[in-house]
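Take a look at the structure set out below.
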Amino acid sequence: MKTKSIKSRATAKRRPPAKLWQLRLYVLDSTPRSQAALANLKRFCETHLKGIYRITVIDLLKQPQLAKGDQILAIPTVVRQLPKPVRTIIGNLSNVENLLVGLDLRPAV
Amino acid sequence: MKNNGSKSSATKMLLPKCPTGIQGLDEITGGGLPRGRPTLICGGAGCGKTLLAAEFLVRGAVQFNEPGVLMAFEETEKELTANVASLGFDLAGLVRQKKIVVDYVHIERSEVQESGEYDLEGLFVRLGHAIDSIGAKRVVLDTLEVLFASLPNEAILRSELRRLFRWLKEKGVTAVITAERGRESLTRHGLEEYVSDCVILLDHRVNDQIATRHLRVVKYRGALHGTNEFPFLIGDDGISVLPITSLSLNHLVSTDRIATGIPRLDAMLGGKGFFRGSSILLTGTAGTGKTIISSNFAQAAGQRGERVLFFSFEESPNQIMRNMHSIGLQLEPLVKRGLLRFHSQRPSLCGLEMHLATMFKEIAAFKPHVVIVDPITSLMELGTVSEGKGMVTRLIDYLKAGQITSLFTSLTQGGHVLQQSEAGMSSLMDAWILLQDFEGNGERNRVLYVLKARGMKHSNQIREFLISDHGIDVVDAYIGASGVLTGSARVAQSDLEKAAMLASQQEAAQLKREVERKRKALERQINDLRADYETEALELRRIAEQVGTRTLLLGTERVASGLLRQADIKVAATGQGKRRNGNGIP
């Protein structure tokens, strides 16, 4: 199990802590693209979801059977498990605007 | 796994094939789909792409022990299981036995947001995992094109698909990819660019309100294949493709002969009837007795203990049995003994292909010795002439392979000109019996003759046949100066001949009587003459006696007078002595 849990140290002041964001990042092996996606995701969360997020990284090379559950086709993929509804963002997350829209943090233009 | 590297190699026939197990498809493709390569199956909505792909997978797992992966993009596992269950495939069971893996891939466009670069490794991982988990040899991707609707970036998708097909080849799995038919191209999104080894096109056409499915192998790299469009159908046990010429002409033949049930007809056919396993055509206009002759044939076969399958496209079994009852044919006992089975269907119930498949199925189940189709023409009307002929060819091929004797009746529209369908069918038939009406003298009479009978000596005469309470009677037709005489004309002719015979007999008798009379007259005359003669002779004697007496008397008188005169006494005395008591001496 090469899943990494990163819990923010600081307790959130602006948002109620009950609304925890659970994000799963699906990658394949530690390719540069995967690493970039993880870095991008972390940076994004620190900026927008500080203290209320949890990222689980799933490496499909080691756990290919997990791809079926979240209907993973594209790599990398981020799945927002909580809060509902489930949201899926594909790509290396370099486009922050799209990520904000994808995670319902900003309405689509 | 990959063992067919060069495509340009001359070893065409050595291209490894992966049998589909689908009836007929392996014959067309010469053994199956190209092993270890992807095959594209394209076609419009509802033409059976998914079923074909699913059958390929199921048959692979069941018949060829090749496990398979079904990656479904449109239907969930549950839906698929239910859909193929109607064809008798137990998908859920195969999944439990780890012979098949079903992976439902679903992406909702509205739930997916793109952010930055990505690839479709996830798909590869899933597919690879599924293949490895059961050691799959076959893969079905149904319908991959859904991804074009789900993923926003077509450029990435296209490059990934190209990579996918290459990857599948490297994996050495035989893949089937289904795709929607496009307007201009084979597929809507041009998948044929990537899958170029084998392309199969399915089609579902409605002709005269009757739908028929067709299959065509558009392309099969490195192998010979049937290029025609073949009808196929989806039945209770899956897909069957029906190649027009599923068999080469090499059936076994029998020298066994079977009776027709009509002794005089047997006599016309060299005295023994038809060859077993031959195909017989019985043509005639309406009401010429086709069904009756067929039923006779059926009964004769049943009485020999053979099984008869009677396909009726005009009458219900009960109706046939009742009608045959009226001419003394008892078919019910044969039905009860399981020797005769009727299969009645309206021709317009379904298309030609479906009828053919139903017939094949019935024949396979009942294993008859004799098959009767009454009439074949109402089936042939469902399609074009060539379709109809193709159907009959396939049916006859199938029957001949099993040495089943077949009798087809054909309804003609009247007149003496053979119809196109008949002329086309005739080459397929071994024997052809023609039933005809002769109209004249205010009546219609039936005649039959043997138009052809391959391999046997047969009568060239036109015979009249009569239908009576006790069946069919074939009688000699009179052939006169004005043609064939039938019915009452024949009877009249017969009467005429009888009368003439009688007349001549009477004449002879008359003559005989005349001669007799003459002879008698002659005898009478002779008798008269003799009587005359006798009378005259008698008269003559009497006269002679009279003369004698008179002479004596004269002498006596002379003596007496002499005595009186006392002269010549001595002479008179001697003469007088003998005749004392005669006239006496007064």
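The values are calculated or read from the model by the stated rules, or taken from the named source; none is laboratory data. Computed from a predicted structure; not experimentally measured. Reconstructed Cβ throughout: ideal geometry from the backbone, glycine too, with neighbour counts over all protein chains shown.
A few points about this structure:
- Any hit, segment A:88-104, residues being within 7 Å of chain B (Cβ to nearest Cβ), in contact (Cβ under 8 Å) with a residue 24 or more places away in the chain and within 19 Å of residue B:129 (Cβ to Cβ): no
- Within segment B:34-59, residues that are assigned by TED's automatic domain parsing to the domain that holds residue B:220 have Cβ atoms under 8 Å from residues that are crowded, with 21+ Cβ neighbours inside 10 Å and of a type in the set (Lys, Arg) in these pairs: B:41/B:49; B:42/B:49; B:43/B:49; B:47/B:213; B:48/B:213; B:56/B:138; B:57/B:138, counting only partners at least 6 apart in sequence or on another chain.
- Selection count where residues are without any contact (Cβ under 8 Å) to a residue 12 or more places away in the chain, more than 9 Å from every other protein chain (Cβ to nearest Cβ) and not hydroxyl-bearing (Ser, Thr, Tyr), scope segment B:102-129: 0
- Spans of strands (runs of 3 or more DSSP E) in segment B:174-285 with at least 1 residues of a type outside the set (Gly, Ala, Ser) and within 30 Å of residue B:138 (Cβ to Cβ): B:174-180, B:198-207, B:210-220, B:229-235, B:238-241
- Test: residue in segment B:176-193 that is modelled with pLDDT of 90 or more, surrounded by fewer than 20 Cβ atoms within 10 Å (Cβ to Cβ) and more than 9 Å from chain A (Cβ to nearest Cβ): no
- Check on residue B:140, in a helix (DSSP H, G or I) and not basic (Lys, Arg): no
- Checking each residue in segment B:364-402 for being within 19 Å of residue B:315 (Cα to Cα) and in a helix (DSSP H, G or I) picks out B:376, B:377, B:378, B:379, B:380.
- Residues that are in contact (Cβ under 8 Å) with a residue 24 or more places away in the chain and surrounded by fewer than 20 Cβ atoms within 10 Å (Cβ to Cβ) within segment A:67-79 comprise just one, A:70.
- When B:157, B:141 are checked against the criterion of being modelled with pLDDT of 90 or more and within 14 Å of chain A (Cβ to nearest Cβ), a single residue qualifies: B:141.
- Of all positions in segment B:355-363, at least one carries a residue that is in contact with a strand residue (DSSP E or B) (Cβ under 7 Å, 6 or more places away or on another chain), part of a helix (DSSP H, G or I), touching a residue at least 60 places away in the same chain (Cβ under 8 Å) and of a type in the set (A, V, I, L, M).
- Of the residues making up segment B:190-214, those that are in contact (Cβ under 8 Å) with a residue 12 or more places away in the chain, out of contact with any Asp or Glu (no Cβ under 7 Å at 6 or more places or on another chain) and among the aliphatic types (A, V, I, L, M) are B:195, B:200, B:201, B:202, B:210, B:211.
- Taken as a whole, the structure leaves residue A:76 outside the set of residues that are over 19 Å from residue B:115 (Cβ atoms) and facing another protein chain (nearest Cβ under 8 Å).
- Residues of segment B:294-328 classified as of a type in the set (A, V, I, L, M), within 14 Å of residue B:370 (Cα to Cα) and in a helix (DSSP H, G or I), total: 3
- When segment A:35-57 is filtered for residues that are at the interface with chain B (Cβ under 10 Å from one of its Cβ atoms) and either of a type in the set (Gly, Ala, Ser) or farther than 15 Å from residue B:115 by Cα (or both), the ones remaining, listed by number, are A:36, A:37.
- Only a single criterion out of (1) more than 7 Å from every other protein chain (Cβ to nearest Cβ); (2) surrounded by 16 or more Cβ atoms within 10 Å (Cβ to Cβ); (3) touching a His at 6+ places or on another chain (Cβ under 9 Å) is not satisfied by residue A:60, namely (1).
- Against the numbered list (1) within 13 Å of another protein chain (Cβ to nearest Cβ); (2) out of contact with any Pro (no Cβ under 8 Å at 6 or more places or on another chain), residue B:166 comes up short only at (1).
- Residue in segment B:296-305 that is in contact with a Ser or Thr (Cβ under 8 Å, 6 or more places away or on another chain), farther than 20 Å from residue B:233 by Cα and surrounded by fewer than 19 Cβ atoms within 10 Å (Cβ to Cβ) present: no
- Among the criteria (1) in a helix (DSSP H, G or I); (2) without any contact (Cβ under 8 Å) to a residue 60 or more places away in the chain; (3) more than 10 Å from chain A (Cβ to nearest Cβ), the one residue B:132 does not fulfil is (3).
- Pairs where the first residue, in segment B:273-293, is under 23 Å from residue B:368 (Cβ atoms) and the second is among the acidic types (Asp, Glu) and surrounded by 24 or more Cβ atoms within 10 Å (Cβ to Cβ), C-beta under 8 Å, 6+ apart: B:290/B:374; B:291/B:374
- Options B:492, B:544, B:508: the member that is closer than 30 Å to residue B:438 by Cα and in a helix (DSSP H, G or I): B:492
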